[in-house]
Amino acid sequence: MRIPLACLAIVLLGACRQAPAPAGPERPAEAPSPTPDTVAANFRCGDLLVGTVFDNAAGNVTLGINGDRTVLPQAVSASGARYADQAGNEFWNKGDEATLTLDGTSHACITTEEVSPWDEARARGVAFRGTGTEPFWALEVDGGDVPAMRLELDMGERQLLVAGATPLADGEGWSGTADDGSAVTLRVTHGDCSDGMSDFTYPAAIELQVGAQLYHGCGAFLDR
């Protein structure tokens, strides 16, 4: 019997095809990435830079504001993530935006790449930071028993270093000699302090004496 050419082509084509490979075991579906225990973000709330650390395990947020740290527990919210305490302080986060209510004043906030100078100093291991105005000045004191103290006075035009500052007898300040020979004494008083130019408050008042010059300002212990 003769097989038509069209049928023969079909038979040969089928013979040349390879049999499909046997199916292997199915791979298990990849588990979703676990939610990190803590998430950090920076917010600009008007003129105020706020560092935040959301602790998903503890259910709270830590706010870093002008050197002070405030912890707010998570609260009930219809939308977003809301944190509040019984004093009326609140941080309500919705994506890249948030509302901060602090001491009865509300601030509209948005995420930013800017970092608060207080948080930046804390990350470098600075133990105490202080600032003042008229004209602007700032200081940093490192950690340790005999820390270095750095001063930027007169809008940064005069920079001094106290290589080894000695803690005062009450432990709330330091004294030493700057690299230009000036005697330096820094005294710290705990309690709310206003810089006189904004509505912001800081956790400590400071008095800085450099030679015969006396400066007043505000500051915060960053290692407590």
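Tabulated values for the structure
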item: Full-stretch length increase - GLU207, LYS94 - with 0.36 nm per residue and alpha-carbon distance subtracted; result: 36.6 nm
item: Residue order for ARG158, ARG122 - accessible surface, 1.4 angstrom probe, largest first; result: ARG158, ARG122
item: Cα gyration tensor shape for region 149-221, rounded if a/c is under 1.5, else prolate or oblate; result: oblate
item: For region 68-112, size of Cβ-based charge dipole, Lys and Arg +1, Asp and Glu -1, in debye; result: 120
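The values are calculated or read from the model by the stated rules, or taken from the named source; none is laboratory data. None of the values given here were measured: they were computed from a predicted structure. As a convention, Cβ positions derive from the backbone with ideal geometry for all residues, glycine included, and neighbour counts pool all protein chains shown. Heads up: the accessible areas ignore ligands, DNA and RNA and are worked out on the full protein's heavy atoms, side chains in. Shrake-Rupley method; radii C 1.70, N 1.55, O 1.52, S 1.80 Å.
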